[in-house]
Amino acid sequence: MSSSIPHFLRLADVPPQALEALIQRAIVLKRAPEPTHRPLTGQTLAMVFAKSSTRTRVSFEAAMAQLGGHAIFLSPRDTQLGRGEPVEDTARVLSSMCNAIMVRNDSQAQQEAMAAVSSVPVINALSEQCHPCQLLADIQTIVEHRGSVRGVTVAWVGDGNNVCHSWLEAARVFDFQLRVATPEGFEPDAAWLDVAGDCAQLVRAPAQAVEGAQVVVTDVWASMGQEAEQEARTAAFAGYCVDNALMRRAAADAIFLHCLPAHRGEEVTADVIDGPQSRVWQEAENRLHAQKALLEALLAPPGTTGAVTLDG
């Protein structure tokens, strides 16, 4: 990657103390919004979407608007990427016209290739490997509930997917314990387990993962692009639904998180996601505030009041 450009392709791209400062900044921006705080006036974010989204698109567009900037939505139908243009060529052009590039696709390697030639920051808004922007919002939600995430036990129940990978990375960065319960054959990639080290434990039984946990997290069993596997995955994940019986095994003050969209009756029951322990809607809203803090840190002029310095 371009050594002088601060990209955000995974949590490890930012020092832990700067990530913690980003969370605190997001909370400040949420609690005390300042209509006159528009440090990104005149700046433009190019949003490259190969995979559709509700929360990612709206939160990034709203964040740029609230900070005084502008966002351009680019789908494969709107760009030459849909006709096979090399991602490096697209990145060179976009970075000559825009102040940052946000990418949501199914290739971490492509995002890294874009960052390597881009003259502006590249932000990972989801890849097949990880989802660091989601974790900023998730950690913010836990901090708002508990005051800190350090030392907390988090249970992940379900597929060892890209979001799970970012939870594994977050466990090491933010110093909490993560228990991951997946069926055989659906474990997270070994490289991401290695990143977490002794901050993570892989188990089979959801009850073992959830026992005494302060946070319980799940995701859909079949992600975008896996629709053809829905029937097989539904069978494989039988017993991995987060219901009230499972939540009762968690700590009394445990909260439930889900990055959405959710399939009620599959990975979670309606009485959990819509119940008193759910912080899902707060978590979804926090995508806006966490990304405002990130965009401010990446793009605001030096000396901007409150902005986080990502080099720690």
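For the pair L260/D243, report the inter-label distance in nm, with labels modelled 7 Å from Cα in the Cβ direction.
Between L260 and D243, the label points sit 2.5 nm apart.
Hey, got the dipole for the stretch 7-137? About the Cα centre, +1 on K and R Cβ, -1 on D and E Cβ, debye to the nearest 20?
Numbers: 12 positive and 11 negative charges, 88 e Å.
Dipole magnitude for the stretch 7-137 comes out near 420 debye.
Highest GNM mean-square fluctuation, the chain, Cα pairs closer than 10 Å: which of G84, G147, G158?
G84
In a GNM of the chain with a 10 Å cut-off on Cα contacts, which of A222, A213, A32 has the highest mean-square fluctuation?
A32
Farthest toward the dipole's positive end in the stretch 59-176, which of I72, A62, N105, given Cβ charges of +1 (Lys, Arg) and -1 (Asp, Glu) about the Cα centre?
A62
Taking neighbour Cβ counts within 10 Å as the exposure measure, how do R150, R57, R10 sort from fewest upward?
Details: R150 11, R57 17, R10 23.
So the ranking, lowest neighbour count to highest, is R150, R57, R10.
For the stretch 84-106 and the stretch 258-312, write down the distance between their C-alpha centroids in whole Å.
If you average the Cα positions of each part, the centres end up 25 Å apart.
What residue among F73, F49, F174 shows peak mean-square fluctuation when the chain is described by a Gaussian network model with Cα springs under 10 Å?
Of the options given, F73 has the highest mean-square fluctuation.
Tell me which of M47, A21, I5 sits at the most positive position along the dipole axis of the stretch 1-60, charges placed on C-beta atoms (Lys, Arg +1; Asp, Glu -1).
So the residue furthest toward the plus end is M47.
Rounded, prolate or oblate: pick one for the stretch 197-242, where a ≥ b ≥ c are the square roots of the eigenvalues of its C-alpha gyration tensor, a/c under 1.5 means rounded, and failing that, prolate if a/b is larger than b/c, else oblate.
Numbers: a/c = 2.35, a/b = 1.93, b/c = 1.21.
Cα axes put the stretch 197-242 in the prolate bin.
Within a Cβ distance under 11 Å of E20, other residues only, what is the Lys/Arg minus Asp/Glu net charge? If you can, show how the numbers build up before the last one.
Working: positive: R25, R150; negative: D175.
Summing Lys and Arg as +1 and Asp and Glu as -1 gives +1.
Regarding the stretch 16-172, what's the average projected area of the Cα-atom convex hull, expressed in nm²? Please report the intermediate quantities before stating the final value.
On the way: hull surface 40.9 nm².
In nm², the orientation-averaged hull projection of the stretch 16-172 is 10.2.
Under 15 Å from the Cβ of H145, count the other residues' Cβ atoms, weight Lys and Arg +1, Asp and Glu -1, and hand me the total. Don't jump to the answer; show the numbers that get you there.
Working: positive: K30, R31, R146, R150, R279; negative: D138, E144, D253, E283, E285.
Every neighbour counted, the sum reads 0.
Quick one: net charge around T309, please, counting Lys, Arg +1 and Asp, Glu -1 for every other residue with C-beta under 15 Å from its C-beta. Let's see the in-between values first.
Details: positive: R25; negative: D13, E20, E296, D311.
Charge balance near T309 sits at -3.
Considering Cα pairs under 8 angstrom that are at least six residues apart, work out the relative contact order of the stretch 155-242 and quote it in whole percent. Write down the numbers at each step before the final one.
Values: 136 pairs, mean separation 32.5, N = 88.
Rounded, it is 37 percent for the stretch 155-242.
Suppose R0 equals 25 Å; then what is the FRET efficiency for D253 and V203 from their Cβ-Cβ distance, rounded to the nearest 0.05?
Details: r = 22 Å, r/R0 = 0.89.
The computed FRET efficiency comes out at 0.65.
Where a number appears in this text, it was derived from the coordinates with a stated rule and is not lab data. All of these numbers come straight from a predicted model, not from anything done at the bench. Note that we place each Cβ from the backbone using ideal geometry, even for glycine, and neighbour counts take in every protein chain shown.
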